Every structure is written in structure tokens, then in C-alpha cells.
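Remarks on the structure that follows.
The values are calculated or read from the model by the stated rules, or taken from the named source; none is laboratory data. Keep in mind that what you see is a predicted model, and the values were worked out from it rather than measured. So basically every Cβ, Gly included, is an ideal-geometry build from the backbone, and we count neighbours across all protein chains shown.
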């Protein structure tokens, strides 16, 4: 029975390890507590649980796909290996000097996060490449030898190599590697040109340092995991989810562990993309809201938006610039400190502020009755009638509405002359507006108009807020899929094998060189395809071509997608037309009379997306049985109204619910605002649309 | 309920406006051509009501621009005339006195119309690399030599760009494509802000911004006044002396805290200089206000009401109130020292809040490259203007060390050297921390940095220096020691000056050591662990560790051993 139709998805998160087993279309899932010291233990435990449920043994599993926050956490908690950096003489402090600016301008006591490697761990060698890729000053083995000796004596486990302009010419980096590897064969080495071949030294050096820093840890973990799984009788291949939303082999993951950063959220985006495909939706906004943060991602043409750089380990209220930049292909999402546990206060301007401080699970929101005296988002949700105090988490936690009201009045109401309900309304509106703003800014940066989008919501707190968010964003349709609690792990099972290779090479359209482009893109295609071929020996492999273009003199490029024909038989007029088209769409007007240049070339190789059967929309089969009713606050009219309560399990295909209503299940509650109505689709999704569309 | 309900809606709208102007600023960064804007973030963006009062301003940006631009829109309304404001218009200026302090800042203002009625304005400012004249630097004797002056006028009327203006601009600057590209970027960014505002007004069913403007300004005013009322009602004086161009400049301030305002009076400050380091009052005010806001009301967003209680007075023709036609290209040098001057006074009123002096002004230079003239130049040699922003160390704080190579008070970023080297045939040979440059103290001053600047084979260049603290180091507070001074010379030892345009022949490099911040508190009280950490990291050398902090030989041996083993502290 060992076929790839038996597949296991495993997502190690901060609190829970989610395990999903799919056997011939049937799905079995569990959540077990993450075991920090030996994360593989939770996986084995979870795997045994779902195998028992499905009545199979681990030997029957045909494929395992794994994603994890371990890489991210190692960077946040600074639990990496003893690591050194070798860089160009004169540039020892690039990763410490950062952008030489303060990310919060009004805080006189601001501290800048320490670099991953302190200064004594950063070594320099002579030699210099210039901005054309030519050698300005040579580098010899004799120059490198003393540094290698110092590294040998200090006993580093891992070494990052990052030299100036190496993305244009990697010969010096390779020479350093060769000398180092010869003298110290056991030291792990990471090259900036292999990890992140892009211009801007701070981002590139930081990325290669991060890779080197977590490499020994991740390599050892992945090795142990493989061993434990084999001991359990698992015989199949094990793959890793990467930040870009695809899957790579265990070996590649161990070599480039920085590519595993944020793989869990990437799985969530893939999960949403798969649902988008099921419904034939080309414009989707995925909205994932948990206990401490909310993540928002744009999914166009059933493919999550990707980016080339993001920031990890923000240290200062999730503020931009307070973390460290990692430049790798990544699913582009915004994450803000807004979750069910986010706490509210009133600031000096008498404005309600929510998050990023979170109540966590201890003491938790005030309504948990564990001593929390500050109002959290969950408290507001309770007072507004969105949550049932007697049926939270399947009835396992009894919520205390009075405690929520007291906290809301004490922290917000007394300051602002509002009663508890109005305070709750204010709190919920502020957190919803924060998320809506994050979504708007993200859409603008990508030149998108959200009113044409459909939202897909998952994560414990999302269904409580998604309806209101849609009203704020002018989004007319919302889908809440089943299994939303383990969305990322399900997403892993939907992800293709993929790898994106990219390179910084400058070319002006006035110096357009078709042969050079063909050769470059050909190389990138071969490189990316090689990674994918490692994972799958037979499948078709598709190539997606993207070039990053800008007007000569600008600093920020926009990605231009090319067809294979446009890429492999390149001509300047086509490139120009594609650029002007996309630039105008993004920024309103083209700039006349300027040369245009290409800065980064990228090829993403991927196996074809899993065949998805489109859903036939459910035919209305009558109103869902009403389980009861309760008073629910309607933010659009700012008044409480009587809302019907429906059990999700009672909703058969085509069952309808008219807002205002609460559709409840063990993990969460879906709020249908008074402006909307809901219908259960054949795949179990609750499909919520505006009434006027009826 | 009705009252508190509108309160909730206004809370939402205020958040939205702050988000709108942030989008506006991001659009500018994405579309700009000058490295000063796109890499360094030397810009600002904001939204105004029909009276020209600033309602919100982007977090992205730098204080000098932000607070100066707050006053600019009122000038535009007056100069253009309300009867001449039409839908589709875009206005601009680089007037140092009605914009943001020098000709190198272009400010653009776009009226925002909703259903045919004027509802507000969007404004943005960006520092551009060249505006003609002598080039960016200190050497001009009057503003006429500093470049093309564009009075407040229309860039576009009812959507049509003024082609005559564009041609005049193109004909007067060294990098016309870059400047025209930046002008379009500024117009684009206002347009993005306008679109978002209109969406918000649709969503909330607003016909005008009067209600939300009153809500924002009332709450901000009340919050700011509460902070001021909590301060002791007293006054104190502060002063500091810096290099200036040929003669030192003394900045003096008397800070008076009144019931509902704080007045910074710069009477007694040096007069205007012959060279272009003078500062229009609007720019000095921006930084005085910034310094006070950081110390007193840091989290209150900038808008017309939260800025209003911070008043400035300075006699005409002092260097902080230079008037037309004084040269003002490098107004940032004096402007960036205003906060340290204000803090000298404020420390006497609120001890234990403000930092020791830091590097102060940004350590900028502009390189004008050209094919070598002493011998035949290679055919691929070019002319090019390259501007870079760099920072020395910031001053130590009462509870924290100063920040290494980090701008204060300016909010701009440095440019990646890989991006700088793509902007022209310049080579940055070195850019790294400068050990022993942070003033000793219980809290150590931030380190400055070393830089070495040359050109690609076949080029020579003029080096426009814009440095201070060559002769006047950052002064320590409460027993903290001074930071290291700026040094500048060529690699063969030829002398160079801290300010002004200086020729650098083919093959030579400029060697820079940028200043450190000063220390805070007695160095003898510094934690031994921190001294050892600094030594291990090479922030201080062994000699300094023994001299300034009395580290024992055993401690030093311990650090040496750790260094060899690659250990951390």
C-alpha cells in the first residue's frame, strides 16, 4: 500500500505540532504540543496517532512533507552554532552598521538589535571586485591562509563567506571556500553567492550569516528526524517546505536551511491557493489569524505572491526595520501583532491601541478567569456576542463575560467615557482596522484593488473577524474552509516541488544582448530544474520566468513575468512593452524618455500543480437548522441585534444561513454579519457573500 | 451612543490617514531615482486640510523634512491663490524659506478634490542629488550660486505637465533624467495618497475632512499640552560650539517652559556665515521641535496641533535664521546640531533624560567624477555625481551606550556601497567602525566610522566635504568623555578640509575618520563586563581599556584568550 497517495504533512509551530495524514482522499489530523528539546518526538507521537486513526502503519506512508518554525526560532532566540564570517577587508561591520538609521525616530532609548555574529567573529581578506564584476584587486591563497588559521584555532563549526560585489563575480568567494575546506574539511561553509546572489551587501551578508548560523543545528535535527522516522519503519522520502511555498529535498534543506524560515505560514498560503483553485478564483486574499499575530497574503491566479526579501525576528513591536533582512525567494505576506490574545490600552491621544503585546495563554484574556485584568481581542469578541461563553473550545474553557466587561471598562471605558459594549466595539474596530490597513498597504505595494478579491480565512481567530474585515475592505465573498486549524500542514500536501534560482546581472534595454540573456536564463533554468529533479525523477517540470526591471537610475525594481517564449527568444521591444504595462498599472503613469534596465533574473522550476477538481457550486437546499439565538453586535449599524446560532456540523451541502448569525464549531465560530449570508459548499467550505448579490 | 459611535469611527479614520500617508511615502521610495530618496529615505509625505494644517505625516522620512514641510502648504495656498486651484493640479517649489531649507529639496503639493470640491492637500518632499549651480556643497556665497530656484508654481495644471518648466529644469542641472524622474515620482506619490483618501471618504460617507481634522487636532493638542503642563515651569540655557566653515559657530538657546508652550530662543547665536552652511528658521525650528518631542512627547503623532506648542525665536541674520539671499545648501549641518544645543538646556530642567552630545550632523559627501585630465583618459570614462550619507556615533544615553554609526537626529539611512558604486565610477574602499572613537563613560558614546573613497581607473574627482567636529568633538555629560574628532586627508598625507569642494587627482583616495559620540557618566563606574566585551569586539583597544577604564592585566589576558578561542562574553 506504500504509494504516494498516503501522505503525511507535519507543521512544527510555536505551540503545537500539527500532523495531517491523507489516505486516498480521506484525511486524519491531530495537534500535539511541540517538544522543543527534541522536536522530532512530537512528530513521531503525532504520526503514530494519525496512523492509528487511519488504520495503517508508518511503513505505509508514501511521502512526508515537513515545515517548521525551528529555523525562525533559532534566529529569534539566537540559538545558532559557533559561526564566523569572512568578508572583504574594509567591510567587517556591514552586518552591524545595517542602514545606519533608527527604525523608531522618537525613542531616545532605542537600541538596535545586535548582529547575529559579534565583531570578534568577523574576519577579513583582501581582494576586491568592482561594480562591473571585474577584479580590482587580486586575492591569493596566501592572503586567506592566516584567516583560516585563526578560524581553526578558535574552533568555529560554521563559516559564512560574503564578499563585496560577489553576486557579479563569485571567484573570490569560491577561492576562500576552497582554501577553508582543504584545511578544515569538517567546518560547514555557506557562500553568499549561493545562498542569496543579490545586490545590497547588508541583506546578502546577513542572509549568508543566518544560513551559516542555523546550518549545524538544522542539519543535525533533520538527520535525527530521518533516523527516528526510519526506526519507526518509514521508508519513503522526506521533503521540506520552503519559504517560497514549494518543496525541496532534505539534503538541499540541510544545505540552505535559511530557506526554511517561515515555511509554516507559507504552507498556509499554499492551503489557501489550493482552495482558490478549487473555486476557480484568480484573486484571493488569505487571512490567517491566530493567538498573537495575523498574516495576510495575496494569491493571484492561484499562486501566492512572492518576494525576494523579508524581515525576520523583529524586536520592536513588529516594527519594520527592527528585525534582520533575509533575501531569499519567499511568499510575500504581511504579519502584524493582532491576534485573539492581543491586549488593548488607551494612549496619550485617548486613542484605543491594540497589540502587539499579547496575553498569551497565561494569564490569557480576562474572560479566561486566570487573573488577566487587561482586555484582549477575545474579551471584546465575547462581549459583542461573537463567542458563546459556555461553548468556547468545545466547552472546555468556560468564559467569564463579567470579567471581560470589567477589564474593558477599567482600561478603556473609564478613560473614554464609554460603556463596556462600546469599549468592546472600539477595540474590535481598531484591531480590524489595523488588519485592514495592513491588507490595503500590501495591496497597494502590489498595485492591486482588493474589492475584486475573495477572502479565504483560517486560523482560530480569523472566522470571528473575517466578515467585518471584508466589509471594511469592500470584499464581497469570504470562504471559511474546513480543517482551518491545521491549514498549514494541509497546505504542505498541496505544494509542488519547486526551486527558484536568481541572479543579479545588469542590462540596459539600450544594450540588450539576446544571446547573453538566453545563456543566463538557460543556466538559471538548469540550476532550478536540478533541485526539483532531485525530488522527483519523472514529473514534468515547468519553468516560470521573471525579470526585475526599472527605469535606469531608480533603485527598486518591479517584477515582470515573461512567458517561456518571451524569455527564451528575447527581444527588447517585448521587454519594454511588458515593463511599461506593469509600471503604469502600479504607479499610474509611465516616465517618458528614460532608459530601462533589468537587474535580477529569476527562474522558478516547479512540478505541475496538483490537479484540482473545480467545485460545482452547491444548490441551495434550504435553511440550516437553527440551534438557538443570541444577541450579536453589528458594527455596521453599531447596535446589538438578535442573531441565529447554527452548528457547522448541522449544515448539509447547500444549507443556508442569513446574517446576522454565528456558525459554531469546536475550534472557532464563524460570524456572518447582518450584511451577508452563508451557504455550505460541497467541500465543506462555508461561503459567505453579500446579501445584495443574491 | 451616537457620540461614542462617531468617536469609534474617527479613531478608525485617524488610523487610516496615517496608513494613507505611509502608502504615499512608500510609493515615493519605489519610484524615485536619486539614491538619497530611494536608498536613504531622505523624504517626507503628509496630508493637510483645506486650511493647510497638517493632519498626518508618514513615519518614513526625516525630521527636518517632516516638521518643515508642516508649514509649507500654507505658503502654497497663499502663492497659488485659492481661485487658481483646480482638480488635476500639481504644485512645486524648492524655495528654502517656504519649503524645507535648501534648493536641493523639491516639495510638491497636490490639491485633493472630492465630488468637485477641494477637500485637502497632499504634500511630499525629497532631497535630490543635483539642482545645478555650484553643485551640492558649502562653497556658494549666496543662494543664487547654489542652483536653479523654482518659486512656488504649477508643475501640472488640470493634469497637463508644464513642458516649459521641464525644459528649463532639464537645461540647468547635471543629472536631468534623474531630477525629472524624481519630479514624476513626487507627483505619483501624492496621487496615490489622494486615491486612498477618496476611498476613505466614500466608505465613511464624508463630504469634507472638517470633522476628522478637528478630532485629530483637538486630541493631539490636548495630549501635547498635558505633557507640557507636567513639566516644571522654568527656563534654562544651553550652548555649543562647532567648526563652521572658516570660523567656529556658537549656538545658544534659552529654553522656557510655559503653561501651554515651550519656547526655544536662539538669541546670542552666531551670525550668518559667508558660506553655504546657514540655516533658514523653518529648518532650525523643525529640529528644535523634534528634539523636544523626543524627550517630552515621543508617541504623539506629528500634526499641526502637536507641533504648535513648540515655538522658536531667533533674531534675523543669526545662523539659525538666515534670510534670502544667504547661501543655505548645507543647512543640515547647523540644523543637526540644534538638538544637542537644546538638550544642553533641557538637561538642566529634566536631568537623566537626554543623551550626551553625538556626531550631530550627518557625515555626507558628494563626489563629482570626470575623466582624468592629467593624462589621456580611457574611452569609457564618464562624468557622474555621487552623493552618500554616512553617520558618526550617537551620544551615550543615561542608561544605554550611544549607537555606533547611527544617524541622530537625522532619520535617513546610508546607501549600500554596492548601490553607490553602481551610481557612478566611485570606489568605496572602506566603510567600517572606528575603534576608540566613542567617548568613554559609564555609558560609552557610539563609535564613528572609517571610510576610504577613490575612483575607478581613468577618473579624477572633486570631493565636496560636508563634515563638522574636526576641531570640536562631541562633549560628554556627567563625567563622560568627549567623542573622537573628524579627520580627513588624502592617502598620501595631503591635507584636506572638513568643508568645501576639493580636488582629488587620479589615483588618490580620500581617507575619512568620522566622529564618535560622547560618553555619559564617570568611566570608572562602567561595568567591567561591558569594558571586556568592548575590548573583545575591538570597540576599544588595549591601551584605551587600561587608560580610560583601568582594566587589570589579568582581565586583559582573559579577553585575549577569549579572542583567540572565538568566544563571546
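Results for (1) within 31 Å of the chain's Cα centre (by Cα); (2) modelled with pLDDT under 95; (3) more than 14 Å from chain B (Cβ to nearest Cβ), shown as yes or no for each residue.
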residue: A:156; (1), (2), (3): no, no, no
residue: A:159; (1), (2), (3): yes, no, no
residue: A:164; (1), (2), (3): yes, no, no
residue: A:189; (1), (2), (3): yes, no, yes
residue: A:196; (1), (2), (3): yes, yes, no
residue: A:199; (1), (2), (3): yes, yes, no
residue: A:202; (1), (2), (3): yes, no, no
residue: A:211; (1), (2), (3): yes, no, yes
residue: A:244; (1), (2), (3): yes, yes, yes
Inset, instruction - Only one of these is within 14 Å of residue B:282 (Cα to Cα) and outside the structural domain of residue B:477 (by TED's automatic domain parsing): B:302, B:317. Name it. - result: B:317
Inset, instruction - Kindly check whether there is at least one residue in the stretch A:458-477 that is outside any helix (DSSP H, G or I), modelled with pLDDT of 85 or more and either within 17 Å of the chain's Cα centre (by Cα) or within 24 Å of residue A:245 (Cα to Cα) (or both). - result: yes
Legend entry - Condition check for residue A:451: more than 8 Å from chain B (Cβ to nearest Cβ), in a helix (DSSP H, G or I), under 33 Å from the mean Cα position of the chain (by Cα) and surrounded by 24 or more Cβ atoms within 10 Å (Cβ to Cβ): no
Legend entry - Failed item, numbered, when residue B:8 is tested on (1) touching a residue at least 60 places away in the same chain (Cβ under 8 Å); (2) within 11 Å of another protein chain (Cβ to nearest Cβ): (1)
Inset, instruction - Could you check, for the stretch A:67-87, whether at least one of its residues is touching a helix residue (DSSP H, G or I) at 6+ places or on another chain (Cβ under 8 Å) and within 30 Å of residue B:36 (Cβ to Cβ)? - result: yes
Inset, instruction - For the stretch B:107-120, indicate whether the set of residues that are in contact with a helix residue (DSSP H, G or I) (Cβ under 8 Å, 6 or more places away or on another chain) and either part of a loop (DSSP other than H, G, I, E, B) or under 19 Å from residue B:176 (Cα atoms) (or both) is non-empty. - result: yes
Inset, instruction - Kindly indicate whether any position in the stretch B:156-168 is outside the structural domain of residue B:463 (by TED's automatic domain parsing), more than 21 Å from residue B:91 (Cβ to Cβ) and part of a loop (DSSP other than H, G, I, E, B). - result: no
Legend entry - Residue tally, condition more than 15 Å from the chain's Cα centre (by Cα), within 14 Å of another protein chain (Cβ to nearest Cβ) and touching a residue at least 60 places away in the same chain (Cβ under 8 Å), over the stretch B:274-293: 0
Legend entry - Residue among A:407, A:348 that alone is without any contact (Cβ under 8 Å) to a residue 60 or more places away in the chain and either crowded, with 20+ Cβ neighbours inside 10 Å or not assigned by TED's automatic domain parsing to the domain that holds residue A:467 (or both): A:407
Inset, instruction - Among residues belonging to the stretch B:375-392 that are part of a loop (DSSP other than H, G, I, E, B) and away from every other protein chain (no Cβ under 11 Å), point out the one that is surrounded by the most Cβ atoms within 10 Å (Cβ to Cβ). - result: B:381
Inset, instruction - Kindly indicate whether any position in the stretch A:61-70 is assigned to a helix (DSSP H, G or I) and either surrounded by fewer than 16 Cβ atoms within 10 Å (Cβ to Cβ) or in contact (Cβ under 8 Å) with a residue 24 or more places away in the chain (or both). - result: yes
Inset, instruction - For the stretch B:429-437, state whether one or more residues are crowded, with 24+ Cβ neighbours inside 10 Å and not in a strand (DSSP E or B). - result: yes
Inset, instruction - Taking residue A:78 as the residue in question, decide whether it is more than 30 Å from residue A:23 (Cα to Cα), surrounded by fewer than 23 Cβ atoms within 10 Å (Cβ to Cβ) and more than 7 Å from chain B (Cβ to nearest Cβ). - result: yes
Legend entry - Residue identified as over 15 Å from the mean Cα position of the chain (by Cα) and either facing chain A (nearest Cβ under 8 Å) or over 30 Å from residue B:477 (Cα atoms) (or both) among B:434, B:372: B:372
Legend entry - Criterion: buried (at least 20 other Cβ atoms within 10 Å of the Cβ) and in contact with a strand residue (DSSP E or B) (Cβ under 6 Å, 6 or more places away or on another chain) - qualifying residue of B:481, B:499: B:499
Legend entry - Matching residues, the stretch A:127-137, being away from chain B (no Cβ under 11 Å) and touching a helix residue (DSSP H, G or I) at 6+ places or on another chain (Cβ under 9 Å): A:127, A:135
Inset, instruction - Return yes when residue B:174 is at pLDDT below 95, surrounded by fewer than 23 Cβ atoms within 10 Å (Cβ to Cβ) and in contact with a helix residue (DSSP H, G or I) (Cβ under 9 Å, 6 or more places away or on another chain) and no when it is not. - result: no
Legend entry - Qualifying residue in the stretch B:91-109 (condition: in contact (Cβ under 8 Å) with a residue 40 or more places away in the chain and over 24 Å from the mean Cα position of the chain (by Cα)): no
Legend entry - Count of residues meeting criterion [out of contact with any helix residue (DSSP H, G or I) (no Cβ under 6 Å at 6 or more places or on another chain) and buried (at least 20 other Cβ atoms within 10 Å of the Cβ)] in the stretch B:527-543: 2
Legend entry - Answer residue from the stretch A:375-404, given it is touching a helix residue (DSSP H, G or I) at 6+ places or on another chain (Cβ under 6 Å) and assigned to a loop (DSSP other than H, G, I, E, B) and is surrounded by the most Cβ atoms within 10 Å (Cβ to Cβ) among those: A:375
Inset, instruction - Looking for whichever is crowded, with 16+ Cβ neighbours inside 10 Å and either away from chain A (no Cβ under 14 Å) or closer than 30 Å to residue B:11 by Cα (or both) here; the options are B:271, B:238. Which one fits? - result: B:238
Legend entry - Filter pass, residue B:48 being at pLDDT 85 or above, within 22 Å of residue B:307 (Cα to Cα), crowded, with 20+ Cβ neighbours inside 10 Å and more than 8 Å from every other protein chain (Cβ to nearest Cβ): yes
Inset, instruction - For residue B:441, state whether it is surrounded by 24 or more Cβ atoms within 10 Å (Cβ to Cβ), assigned to a loop (DSSP other than H, G, I, E, B) and more than 10 Å from every other protein chain (Cβ to nearest Cβ). - result: yes
Inset, instruction - Only residues that are within 9 Å of chain A (Cβ to nearest Cβ), closer than 18 Å to residue B:433 by Cβ and part of a loop (DSSP other than H, G, I, E, B): list them for the stretch B:533-569, please. - result: B:538, B:539, B:568, B:569
Inset, instruction - Have a look at B:360, B:411 and point out the one that is at positive phi, in contact (Cβ under 8 Å) with a residue 12 or more places away in the chain and crowded, with 22+ Cβ neighbours inside 10 Å. - result: B:360
